[in-house]
1. What number of residues in the stretch 37-62 are assigned to a loop (DSSP other than H, G, I, E, B) and free of Cβ contacts under 8 Å to residues at least 40 places away in the same chain?
2. Scanning for something surrounded by fewer than 17 Cβ atoms within 10 Å (Cβ to Cβ), out of contact with any helix residue (DSSP H, G or I) (no Cβ under 6 Å at 6 or more places or on another chain) and among the β-branched types (Val, Ile, Thr), does the stretch 179-186 turn up at least one residue?
3. Of the residues 87, 9, 97, 111, which is open to solvent by less than 40 Å² (accessible area, probe 1.4 Å) and over 29 Å from the mean Cα position of the chain (by Cα)?
4. Only residues that are among the hydroxyl-bearing types (Ser, Thr, Tyr), surrounded by 22 or more Cβ atoms within 10 Å (Cβ to Cβ) and not in a loop (DSSP other than H, G, I, E, B): list them for the stretch 626-665, please.
5. Against the conditions (1) touching a helix residue (DSSP H, G or I) at 6+ places or on another chain (Cβ under 6 Å); (2) part of a loop (DSSP other than H, G, I, E, B); (3) in contact (Cβ under 8 Å) with a residue 60 or more places away in the chain; (4) not aliphatic (A, V, I, L, M), where does residue 83 fall short? Just the number, please.
6. Run residue 761 past the list (1) open to solvent by 10 Å² or more (accessible area, probe 1.4 Å); (2) touching a helix residue (DSSP H, G or I) at 6+ places or on another chain (Cβ under 7 Å) and report the number of the one that doesn't hold.
7. Could you grab the pairs with beta carbons closer than 9 Å, sequence gap of 6+ or different chains, first residue in the stretch 453-480 and open to solvent by less than 10 Å² (accessible area, probe 1.4 Å) and modelled with pLDDT under 90, second one in a loop (DSSP other than H, G, I, E, B) and hydroxyl-bearing (Ser, Thr, Tyr)?
8. Take the residues of the stretch 256-301 that are among the small types (Gly, Ala, Ser) and crowded, with 24+ Cβ neighbours inside 10 Å: which is farthest from residue 201 (Cα to Cα)?
Amino acid sequence: MAKLPHLQLQRLDRTEDRRKPPAPVSPPDRGSASGYGETIKAKIDAAAAEQAALPKIEGIDPELILKVKLALAVEKDEWRRAGLTVLAQEPGGILVLFTNDAELKSFRGRLAEYQKGAQGDQKQPSYNGVFASIDDICSVTDEDRIGPRLRASGVNSVDNIDGRASFTVDIELWDAPAQLDRLVRVQHLVKHIEGAGGEILSRYVGNAGLIILRAWLRGSVLKSALALPPVSRIDLRPIPDLGEREPPVVTLADVPAAIAPPANAPLIGVIDSGSSEHPLLAPSLVESLGVPAALGTADIWGHGTKVAGIAAFGDLRECVESQTFASPVRIISVKVVNDQGEFDDTATISEQMEQAIRALHQRECRIINIALGDQHRVPYDGGRVSPWAATLDALARELDLVIVVSAGNSAGGSRAPWGPQAEQITQIYPKYLVSPENRIVEPATAAIALTVGSVAHANGLPPEHGAELRAITTFKGPTPITRAGPGANSSIKPDLADFGGTCLFDGMIPRVATGDHYSSAGMLTLRADYLKGLLTSATGTSMAAPRVAYKAALLLRALPSASANMIRALLALSADIPHEAVQCLASLGDDAPRRCFGSGVPDLARALDSEERRVILIADKQELATDQFALFRVPLPKQFQSTKGKRHIRVSLAFDPPVRHTRLEYLGIRLNYHLLRGVTPDEIFEFFRHRTKGEAKFEELASTAKCGLVPSRDVRGTSTLQASKFTMKRNIDQYGDDYYLAVFADRRWAGEEITHQRFAVAVELEHEAEINIHQQLRVRIRA
């Protein structure tokens, strides 16, 4: 089939402020405003008294931090006008608010106005939207500051902490108004903790509100630190999940020498446990770094070499069969894991990630693979995104990078989502895949990074096996240890999936065996200790992620000026969830395949080229002012409209908004879209535009105007990578020659200094009949 270039998607030269839907609900009826106001006042007084009794930190002015439970969301500007700043959002409608006015003069003044009740023609008391929405106000407690990894280790309260034990922890601070304030606050807190007998190992002060100290503390000091008002959270440091250290040898005799890639081949940065001078990898490995440099570059654990092998070659089994090892990409390895299999003892994970990613960016590397998960394997519970994930997102946005991360692998033993006995996996697979215990682990919650799940490459059984070995899944079924979403704000996570090997039940041990135990169960890749064998195998999302990074790099080679958003959009547009996986998960609900695989497995050939009957239209490096909408024309050839057969329109949108990990509403801006038909541009602008008071109400569009894209606008609306499909089986020429894609920007918490959001969009038209729509579209677009 002919390979043809993608065509340009035309944007209409007009934008409008978008109409926002009215608030759907009113605050609860609290009865007497005077009486309810007294209740709020009493709670504020109690919280202020509690915090006045807490330890003071010399150099940091007294401040009040309140935890407010809301029945209904309140705009952040309302809090600001009341003298309060939103520090964080938590599940259950909980806000953390800050003020340096311990007397709360502005807040109390508004409360007094509320308590007067409705005045004159008012239907509700003044500030009813704020005070009637409040269910409860209290202080942030010591227990609120205990992080998820510390909690998973058994520390649910300060009473569980052994005062004589030692802890290496990450201390996260509440944000401050400006960078200088952040630095001053850190300095005074460091002095306070060191004065109490703790040792500060490193500090990370980001530019977007992320402040973390790595510290060594006695249990007694940890208890007191959990009571400090400037402290947001204290948690155990992340430990990388590197899998088995010594997999079995898989030998390969008399392989030909590897062929070096071209000097201008795209770069993939592999942030992992380092790399070895493997003879098949060496021609592609242009540089090895350690972050920090003291770590060196050698891959003691072998994980980084496995990942780099797949990132370099894509599919090693194909290379073995063809006896050709010619990588089309160049690799830069960055070691962030020490020889004990842990992240650097002193630097915080955010600091390490920033240094590693900036080092790669300086070397003009735009595709970065991080196939590392947290060995604590604490499933994401729908709360705050981790500092690790937020750092990746902030850097992807700032530096225009495609960052690929793994969804994480399920643990065995007592923590296994299938149960403590290994044999149970054969009985309940795949039911546990979408359970809360099997949700993605950090940093897979990163919204702008591409999170990758895993598909089985085969059933995994070796050619000769006994009755003790049983396959758990089949070709293209979900890998039994892959993890599922959703992500933050119920976003679609993972974004994509790829082959990552499978698992077997080994009744002889008994155990859940992977590619680390049987080569047939894993993805073939490179062995770090190559003198004992060139190849090995491994299973998990760590092996699936570099396959997506490899595809992203080849897309970038074909489109060297493309933005990271465009690369992400094309990968999602080309992806499909395997039919076998859909069948396997059918009993778990319609959303189960999406929760495990997102848009599915990307098809590089589809992403790279259009064809005669399948055409992709693209619009890259677009910008849209916040709270506005834009319109793109999607031309439909006559043959596409009227030729018998199934046809579809796919749409993919990628954008990179500002993020804050302390916000439950993680994205500062959201984008979404409608695909419209049978209406003119003027009718669309008139329907969606903002109206001032007194203007005539808008007229509804025809019920057939909005195309029924799957997944729907509501399902995909909290994701930064959105892909959906509209399928048609009948003649559609009654809707005209042009459809329209309306893209909307919705400001959430982003400040006024952020005026525009950049994005990329791609639309694919495909007909099952052998018709040449590419030629017709090219002529129309030129005209």
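1. 3
2. yes
3. Answer to the selection: 111.
4. 652
5. Only one criterion in (1) touching a helix residue (DSSP H, G or I) at 6+ places or on another chain (Cβ under 6 Å); (2) part of a loop (DSSP other than H, G, I, E, B); (3) in contact (Cβ under 8 Å) with a residue 60 or more places away in the chain; (4) not aliphatic (A, V, I, L, M) is unmet by residue 83, namely (3).
6. (1)
7. Qualifying pairs under 9 Å: none.
8. 284
The values are calculated or read from the model by the stated rules, or taken from the named source; none is laboratory data. Note that the coordinates shown come from a computational prediction; the quantities given were computed from them, not determined experimentally. Every residue, glycine as well, gets a Cβ built from its backbone with ideal geometry; the counts of neighbours run over all protein chains shown. To get the accessible areas, we keep the full protein, side chains included, count just its heavy atoms, and leave off ligands, DNA and RNA. Shrake-Rupley method; radii C 1.70, N 1.55, O 1.52, S 1.80 Å.
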